[in-house]
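The values are calculated or read from the model by the stated rules, or taken from the named source; none is laboratory data. These numbers were taken from a predicted model, which means no experiment stands behind them. All Cβ positions, glycine included, derive from the backbone under ideal geometry; neighbour counts span all protein chains shown. For the accessible areas, the whole protein counts, side chains as well, though only heavy atoms, and no ligand, DNA or RNA atoms are used. Shrake-Rupley method; radii C 1.70, N 1.55, O 1.52, S 1.80 Å.
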Amino acid sequence: MVDHICFDVEKCELHLLDQRFLPEREEYFICRSVNDIIEALQTMVVRGAPAIGVTAAWGCVLALLDANGSSWMPHLEAALENLANARPTAINLRWAVARMRACQQQLKNKGNVDHDALLSAFLAEAATIQREDVEICRAIGHHGGALLHDGDTVLTHCNAGALATAGYGTALGVVRGAVDAGKHICVIADETRPFLQGARLTAWELQKDHIPVTVACDNACALLMGKGLVQCVVVGADRIAANGDTANKIGTCGVALLARHFNLPFYVAAPLSTIDLSTSDGSSIPIEQRPEREVTHVGQVRICPEGVPVYNYAFDVTPADYISGIVTEMGVLRYPYTTSIRAAFRAKTTMTPPAF
Ligand code: MRU
């Protein structure tokens, strides 16, 4: 995989592989200000919950650089608030901003919150968040890879791969973990209308890694399962409520219902940073609605009559009891998730869940 999130310390720029143009071309979008970061997040230059979090951490650095003069602190605070609200569903965005704010608070507690000291602290923390994300995905891959059998075909929805994280991936991390352990795994990538993360991104990164991948229309899922072509489903998550209800890309819940019908395991793979203990269940997860144009057009071509209203909900919520296990860096959590999630947070003593 290419480096897709790179901070240039000399130039103070974040270089993002522009996911809107994949697989056609590998072009970078350069962010020089926090507003560039917000634009990149909202237009899906970069997407996928953990990658959104890492990008937001670098966004805090650029927000601090943008904020100068005597009133830099209120300017910074306003910019961090805008950044945290750039997309509503993926909790990693708020989680990353909260972690950067915590590091500002630590300096305040020591009585040293000048601009230079905070910049050094922000640079170090953003780099740590990015590095840790890869390590966490590898741990997810290790735990989840053990759930797959040699010869399995895994169906996945959207892109929860290296591109959606700082590297390695969550759902695709599970696939990579199994492959790294010597198993032969094939992947079916749902195309994932309307943004086509499966057809464009999952297929692109698996092909680069020589992991066999077949793309299927979203509506082929029942047929493929009925034909016995799928042994297991693994998806990522944008936000997991305290009871295990999981928001992920629109269409995921339908895949989970089909997996239950065909008696197939349905796993969610996500870091603990995607679990929001302050949201008790899925009914209070905010669901992002995106521009109609993503549905009415394919590229520049309109496929829907002018004037017809459109639903473009970007996520849906899979009820916890449809989930066979949640694969985290702390191991595979099992139902009832209210208990297993709290135990996982307790076990990861170094990570206290930040308050949002
Ligand atoms: O709208 P997107 O592309 O940001 O949605 C991404 C997903 O739904 C992913 O499955 C999820 O963020 C997990 S990424 C490891």
Quiz item: How large are Rg and Dmax for the range 229-327 when only the alpha carbon atoms are used, in Å?
Solution: 15.6, 43
Practice problem: Could you list which residues have their amide H under 5 Å from that of residue 216, counting only those 5 or more apart in sequence or on another chain, with H placed in the peptide plane? | Solution: 189, 190, 191
Quiz item: Normalised by the number of residues in the range 59-198, what is the relative contact order in percent for Cα pairs under 8 Å and 6+ residues apart?
Solution: 19
Quiz item: Can you give the accessible area of residue 128 in Å² (nearest 10), computed on protein heavy atoms with a 1.4 Å probe?
Solution: 30
Self-check item: aspartates and glutamates whose Cα lies under 13 Å from that of residue 249, excluding same-chain neighbours fewer than 8 positions away
Solution: 190, 191, 218, 238, 288, 316
Quiz item: Direction-averaged shadow area of the convex hull around the Cα atoms of the range 18-91, nm²?
Solution: 4.7
Quiz prompt | Rounded to 5, the percent of DSSP beta bridges in the chain classed as antiparallel | solution = 55
Exercise. Divide by every residue of the chain the summed helix terms, -39500 (n - 2.57) for each DSSP H run of at least 4, and state the resulting mean residue ellipticity at 222 nm, rounded to the nearest 500 deg cm²/dmol.
Key: -12000 deg cm²/dmol
Self-check item: Debye, to nearest 20: dipole size of the range 154-224, +1 on Lys, Arg Cβ, -1 on Asp, Glu Cβ
Solution: 60
Practice problem: With unit charges on the beta carbon (Lys/Arg positive, Asp/Glu negative), name the residue among 173, 203, 340 whose Cα is farthest towards the positive pole of the charge dipole of the chain. | Solution: 340
Quiz item: Per the Kirkwood treatment, what hydrodynamic radius in Å, one decimal, follows for the range 7-157 from the mean inverse distance over all distinct Cα pairs?
Solution: 16.6
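Could you work out the relative contact order of the chain, using alpha carbon pairs under 8 angstrom and six or more residues apart, expressed as a whole percent?
That works out to 15 percent.
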Quiz prompt | For residue 280, distant residues with modelled amide H under 5 Å away | solution = 242
Self-check item: Net +/- balance of residues flanking residue 133 in space, Cβ distance below 13 Å, scoring K and R +1, D and E -1
Solution: -1
Self-check item: Where trypsin sites (Lys or Arg not before Pro) fall in DSSP loop in the range 153-227, at most 11 other Cβ within 10 Å
Solution: 227
Quiz item: Order of 80-87, 141-148 by packing, highest average Cβ count within 10 Å first?
Solution: 141-148, 80-87
Quiz item: With springs only between Cα atoms under 10 Å, which of 64, 163, 22 fluctuates most in a Gaussian network model of the chain?
Solution: 22
Self-check item: Qualifying chymotrypsin sites (Phe, Trp or Tyr not before Pro) in the range 279-324, DSSP loop, other Cβ atoms within 10 Å at most 16
Solution: 311
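In the P(r) worked out for the range 64-128, what percent of Cα pairs fall beyond 19 Å?
It works out to 31 percent of all Cα pairs.
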Quiz item: Remind me, relative contact order of the range 7-118 in percent, using alpha carbon pairs under 8 angstrom and six or more residues apart?
Solution: 22
Exercise. Run a plain Debye calculation on the range 98-226 (Cα atoms as equal point scatterers, no solvent) and give log10 I(q)/I(0) at q = 0.12, 0.14, 0.17, 0.21 Å⁻¹, rounded to two decimals, same order as the q list.
Key: -0.56, -0.67, -0.83, -1.10
Exercise. Could you work out the Kirkwood radius for the chain, taking every pair of different alpha carbons, averaging 1/r and inverting it, reported in Å?
Key: 20.5
